[in-house]
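Visitor: Mind looking over this structure? Questions follow.
The values are calculated or read from the model by the stated rules, or taken from the named source; none is laboratory data. Since the structure is predicted, the reported quantities are computational estimates derived from the model, not experimental observations. Here the Cβ is made from the backbone with ideal geometry for all residues, glycine too, and neighbour counts use every protein chain on show. The accessibility values were calculated without ligands, DNA or RNA, using every heavy atom of the protein model including side chains. Shrake-Rupley method; radii C 1.70, N 1.55, O 1.52, S 1.80 Å.
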Amino acid sequence: MTCLLALHAAAAPAPDQIKVERRGDLLSLSWRDAEDQLQGVLTPAVPRPGEPLRLTLSVGNLQGPPFQGAVTVAFSRQGVPGQVTRTLTRDAVGWSTEFVPDEAGAWDVDVRFLTTRPKAAHARFTVSEPPVPPWVWRVLLALAGGLLLVRVLYAVTRRGVTPEHPIPPLPQAANPEATPVEPGAAPPVDPPAQATPPEPGPAAPPEPGTTAPAGPAAPPVDPPADR
C-alpha cells in the first residue's frame, strides 16, 4: 500500500502545475485549488523561435467577488529563470500579453496573483524549430539523382573505351650484350668487315723517262686446222 501511494504521488501533477492541452491551433491552460481557478490560452499551438506568441488568462474566485487585481507573468527558458517578467492589468478579455522566444527548447511561464493569499502556478511549453520546407528536400533529391547519373555515365564511358581483346605487346629483340655465355664456350666472334673496293678513276699520265706499262696481252690465235 505504501508503494502504491508513493507511485500515485509521483504520477500526480504538482498542485502548482498548470495543465496544458493542445486544442486545434492553441494550447489550453487550466489550474485550480480550493479557492481560485485559472483558465487561459496560448497561441499558436506550436511556437517558433522569433515568432510572437500570445498569452490570455482568466483568473476568478470560486466564492466571492470576481478577481480584479494584477497578475504577474514571467517567461523563462528552462534552466534560466526570470528572463522576461511583466505585470498585467485586466482588459476587455482578461489578462493578456505577447512574448517572442529567441531560442528553441522548453520554456516555462509562471503566473502569480494575490487573493486571500499569494498564489503561484507554472506551465511548460515547447518552442520548436521550423520544419524544413518541402522544396529543400526536392532540391537535395535532385542533386543526389544528378550525381548518381553522372557516376553511372562515367562508368559506362570508361567501360566502352577499354578494348574487349587487348593487343599483346610485340616481342622485344634480344640484347646481344646481355646474352649469357656458358662456361667453357668460346665467346662469339664478330664477322670480319668486308673492305670496300676503291672506285675506278682516270689513269694518271706516265712520267717522262719512264716506260708506260704494257697493256694487256692479246689472246693467242690458234693455227688453222689442216683441211
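Visitor: For Arg48, only one of the following conditions fails: (1) open to solvent by less than 60 Å² (accessible area, probe 1.4 Å); (2) under 21 Å from Ala92 (Cα atoms); (3) basic (Lys, Arg). What is its number?
Guide: (2)
Visitor: Which one is modelled with the highest pLDDT, of the residues in region 114-144 that are farther than 27 Å from Gly79 by Cα, of a type outside the set (A, V, I, L, M) and within 36 Å of the chain's Cα centre (by Cα)?
Guide: Result: Arg138.
Visitor: What strands (runs of 3 or more DSSP E) completely inside region 55-102 contain at least 2 residues that are without any contact (Cβ under 8 Å) to a residue 40 or more places away in the chain and among the hydroxyl-bearing types (Ser, Thr, Tyr)?
Guide: Filter on region 55-102 gives 80-88.
Visitor: Just one of Val111, Val93 is over 43 Å from the mean Cα position of the chain (by Cα) and open to solvent by 30 Å² or more (accessible area, probe 1.4 Å); which is it?
Guide: Val93
Visitor: Within region 122-140, does at least one residue satisfy the condition of being within 20 Å of Asp16 (Cβ to Cβ) and hydrophobic (A, V, I, L, M, F, W, C)?
Guide: Yes: one or more hits.
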